[in-house]
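Here's the structure we're looking at; comments come further down.
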Amino acid sequence: MAENNDYQVLARRWRPQRFSEVVGQDHIVTTLQNAISQGRVGQGYLFIGTRGTGKTTIARILAKALNCLSDSKPVTEPCCQCASCQAIKDGASLDVIEIDGASNRTIDNIRQIRDTVSIAPVSSRYKIYIIDEVHMLTKEAFNALLKTLEEPPAHVKFFFATTDPQKIPPTILSRVQKFELHRMDWNTLNSYLSMMAEKEGLKASPAAIAAVARAGNGSMRDALSVFDQVLAWGGEEVTEKDVASLLGLTDREIISELNEAIVKTDCAAALECVAKVLEGGRDAERFILSLIQYFRDLAVMKISNSPGKLLEESPEYLDSLRKAAGGHTLSRLTQSIDELLQILPKLSSTEAKQTILELAVLKLIHIRSQISPDEIFKRLQELEQGSVIKEREKIAERQAAAPENGNQPDLSGDLALAKQLFPGSRLE
Ligand SMILES: Nc1ncnc2c1ncn2[C@@H]1O[C@H](COP(=O)(O)OP(=O)(O)OP(=O)(O)O)[C@@H](O)[C@H]1O
Ligand SMILES: [Mg+2]
Ligand SMILES: [Zn+2]
């Protein structure tokens, strides 16, 4: 790693410089590369997607590919060596102009662009305007932009990026090609972070990386910046505990300990878990939220044949969930989630957090020790089956005692049995 004083955050150091380095957006990368190789690159592109998924990154790579000097025409992968690629990387290219739409949102800002588009590029094939957060432009600014978009000079390209396409007028939308970036799923984040940690020589356990990937919540940039924070905060080796403490997430160990206490209906052990949660300075609301998530995961485990798709977790954790789910019935799990959801709002406005948490776990134990409707039904069935067998034995005995009872079979026993099983029926 670089020395602390010139440390560059991971998200910057790991900004993809080539199309092949972009992850999770193959649908866009392939389309763009095909357009380049077929010489059909449009004049306006809009990249839509949540934060930190690659909009700015892809716009810059596309700019490099179009202006790369390694060939006499645009290339499907920028060389990253030539003067043009280098200048774009350093933000020093005179022909690739990056504008932040949030801070340049007025009509005057857009007029400045309009006045310069007709001027030929200084040293490149194309003059490329990358406008980030384009939805922030004012109505008047959009109108001014529209004029330029309607008839742009052949050497001009516009790449827009937005997290909020609804705020862009339809007149603009209809003049650009739209690309929707995917939110990063946990698997993508997890494997990217593992690869990066290995290349950087960072020591982080797989469980710690999995937790960072979860914290990224669909955004690569967020995942990388959480990683930065854990590295700055933790020791030589990053553990899941470090991540949990840093993010105020509840340690999974405590949750699984608590689950065991609930399954064993051990009230004392459950209260000890609550004490541990609060001693560790964890947030009570977050703890309840984690507990709700845990019971939800157990319920998914019980319901789904392929829970891996619904639970974005490591195989080891899925395994531990599977074991824990065995100790619960579905109806108890849903009852427990209900109970916790009711407790949640009470926590925000009270000082008595410990008591409320204690009460909550005791209620979970109470739910656990109640007989569930499933079990009542099962027991009833067993009882009924027992009485069927007994009734059959009686009939057999009676028939054995009176075998010469004509040709009329004696149904009285069966009728009595049917009436017992279906009370209220009109069997005669
Ligand atoms: N698809 C991706 N593949 C690899 N790294 C990515 C990807 N998307 C984002 N990153 C990482 O996140 C950082 C930020 O990405 P980028 O600036 O492209 O996000 P963005 O979609 O423009 O986000 P914002 O809406 O916040 O502007 C990059 O420097 C890179 O480290
Ligand atoms: Mg961006
Ligand atoms: Zn180049």
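The values are calculated or read from the model by the stated rules, or taken from the named source; none is laboratory data. All values derive from a computational prediction rather than experimental measurement. Here Cβ is always computed from backbone atoms with ideal geometry, including for glycine, and neighbour counts include all displayed protein chains. Please note that ligands, DNA and RNA were not included when accessible areas were found on the heavy atoms of the full protein model with its side chains. Shrake-Rupley method; radii C 1.70, N 1.55, O 1.52, S 1.80 Å.
Based solely on its DSSP helices, what 222 nm [θ] is calculated for the chain when runs of n ≥ 4 H residues each add -39,500 (n - 2.57) and the sum is averaged over all residues, nearest 500 deg cm²/dmol?
Values: 19 runs with 242 residues, N = 428.
After summing the helix terms and dividing by residue count, I get -18000 deg cm²/dmol.
For Ala275 paired with Leu318, estimate the spin-label separation in nm (one decimal), with each label point 7 Å from Cα along the Cα-to-Cβ line.
With each label placed 7 Å out from Cα toward Cβ, I get 3.8 nm.
Quick check: pseudo-label points 7 Å beyond the Cα along Cα→Cβ at Val263 and Glu351, how many nm apart are they?
3.9
As an exercise, use a Förster radius of 25 Å and the Cβ-Cβ distance of Glu151 and Ser123 to find the FRET efficiency, rounded to the nearest 0.05. Before the final figure, lay out the partial values.
Numbers: r = 25 Å, r/R0 = 0.99.
Plugging the Cβ-Cβ distance into 1/(1 + (r/R0)^6) gives 0.50.
So if I restrict to the alpha-carbon atoms in segment 4-180, what is the Rg, and what is Dmax, the biggest pairwise distance, in Å?
According to the Cα coordinates of segment 4-180, Rg and Dmax are 15.7, 50 Å.
Percent relative contact order of the chain, based on C-alpha pairs within less than 8 angstrom and at least six residues apart?
Details: 521 pairs, mean separation 53.2, N = 428.
Contact order relative to length: 12 percent.
Mind checking which of Ser369, Ser320, Cys273 is farthest towards the positive end of segment 252-369's charge dipole, using Cβ charges of +1 (Lys, Arg) and -1 (Asp, Glu) about the Cα centre?
The one lying farthest along the dipole's positive direction is Ser369.
Rounded to the nearest percent, how much of the accessible area of the chain (1.4 Å probe, protein heavy atoms only) is carbon and sulfur?
Roughly 51 percent, rounded to a whole number.
Give the long-range amide H neighbours of Gln177: residues separated by 5 or more places, or on another chain, with amide H under 5 Å away, using H modelled in the peptide plane at 1.01 Å from N.
Result for Gln177 returns Gly44, Tyr45, Leu46.
With charges only on Cβ, +1 for K and R and -1 for D and E, what is the dipole size of segment 186-247 about its Cα centre, in debye, rounded to 20?
160
Quick one: Karplus J couplings for segment 101-106, per residue in order, coefficients 6.51, -1.76, 1.60, θ = phi - 60°, nearest Hz, x for Gly and Pro?
Couplings: x, 6, 9, 10, 9, 8 Hz.
Note the per residue figure in Å³ for the convex hull of the C-alpha positions in segment 186-247. Provide the component values of the computation, followed by the final result.
On the way: hull volume 4.0 nm³, N = 62.
About 65 Å³ per residue, rounded to a whole number.
On average, how much accessible surface per residue is there in the chain, in Å², for a 1.4 Å probe, leaving out ligands, DNA and RNA?
Details: 23340 Å² over 428 residues.
Averaged over the residues of the chain, the accessible area is 55 Å².
Tell me, which longest segment in the chain has none of the trypsin sites (Lys or Arg not before Pro) that fall in DSSP loops with at most 12 further Cβ atoms within 10 Å?
Details: sites that count: Arg40, Arg426.
Within the chain, the longest run free of exposed trypsin sites (Lys or Arg not before Pro) spans 41-425.
What is the percent of Cα-Cα separations in segment 1-62 that go past 16 Å?
Details: 971 of 1891 pairs.
The calculated P(r) of segment 1-62 puts 51 percent of pairs beyond 16 Å.
Pop the C-beta distance of Arg286 and Ser306 into the FRET formula with R0 = 30 Å and round what comes out to the nearest 0.05.
On the way: r = 29 Å, r/R0 = 0.97.
With R0 = 30 Å, the Cβ-Cβ based efficiency is 0.55.
Give, in nm to one decimal, the length gained when the segment between Leu359 and Met195 is fully stretched (0.36 nm per residue of separation minus the Cα-Cα distance). Spell out each step's value before the answer.
On the way: separation 164, 0.36 × 164 = 59.04 nm, distance 4.40 nm.
That pair, Leu359 and Met195, stretches by 54.6 nm at full extension.
Which one of Asn34, Gln17, Leu333 is farthest out on the positive end of the charge dipole of the chain, using unit charges on Cβ (Lys, Arg +1; Asp, Glu -1) and the Cα centre as origin?
Final value for the positive-end residue is Asn34.
Which Cα, out of Thr188, Thr56, Gln112, lies furthest along the positive dipole direction of the chain (beta carbon charges, K/R +1, D/E -1)?
It is Gln112.
For the chain, take the alpha-carbon Rg, divide it by the Kirkwood Rh, and send me Rg/Rh. Working shown, then result.
On the way: Rg = 32.9 Å, Rh = 27.2 Å.
So for the chain, dividing Rg by the Kirkwood Rh gives 1.21.
Would you mind checking the pairs Lys55/Lys139; Lys199/Lys276; Lys264/Lys390; Lys89/Lys241; Lys203/Lys323; Lys167/Lys241 and listing those with alpha carbons more than 31 angstrom apart? Mind showing how you got there, number by number?
Working: Lys55/Lys139 23 Å; Lys199/Lys276 37 Å; Lys264/Lys390 36 Å; Lys89/Lys241 37 Å; Lys203/Lys323 29 Å; Lys167/Lys241 41 Å.
As for pairs spanning more than 31 Å Cα to Cα, those are Lys199/Lys276; Lys264/Lys390; Lys89/Lys241; Lys167/Lys241.
Just add up the charged neighbours of Ala154: K/R +1, D/E -1, any other residue whose Cβ is under 15 Å from the Cβ of Ala154. It would help to have the intermediate numbers written out before the result.
Details: positive: Arg40, Lys73, Arg125, Lys127, Lys157; negative: Asp95, Glu150, Glu151.
Taking every Cβ under 15 Å from that of Ala154, the sum is +2.
Spin-label point model (7 Å from Cα, Cβ direction): what's the Gln399 to Asp71 distance in nm?
8.8
Across segment 76-81, in residue order, what do the Karplus-derived ³J(HN,Hα) couplings come to in whole Hz, using 6.51 cos²θ - 1.76 cosθ + 1.60 with θ = phi - 60° and x for Gly and Pro?
Once θ is set to phi - 60°, the couplings for segment 76-81 become 7, 9, x, 6, 6, 10 Hz.
For segment 252-369, what size does the Cα cloud have along each of its three principal axes, sorted from largest down, in whole Å?
The Cα atoms of segment 252-369 stretch 42, 27, 23 Å along their principal axes.
Determine the dipole magnitude for segment 4-180: charges of +1 sit on the beta-carbon of Lys and Arg, -1 on that of Asp and Glu, nothing else is charged, the reference point is the Cα centre, and the result goes in debye to the nearest 20.
On the way: 22 positive and 18 negative charges, 31 e Å.
I would put it at about 140 debye.
Tell me, what ³J(HN,Hα) does each residue in segment 128-145 have, in order and in whole Hz, if you take phi through Karplus 6.51 cos²θ - 1.76 cosθ + 1.60 with θ = phi - 60° and put x for Gly and Pro?
10, 9, 10, 10, 7, 6, 5, 5, 7, 4, 6, 4, 5, 5, 4, 4, 5, 5
Percent of Cα-Cα pairs per 10 Å bin, from 0 to the last occupied bin, for segment 83-147, please list those.
22, 47, 28, 3
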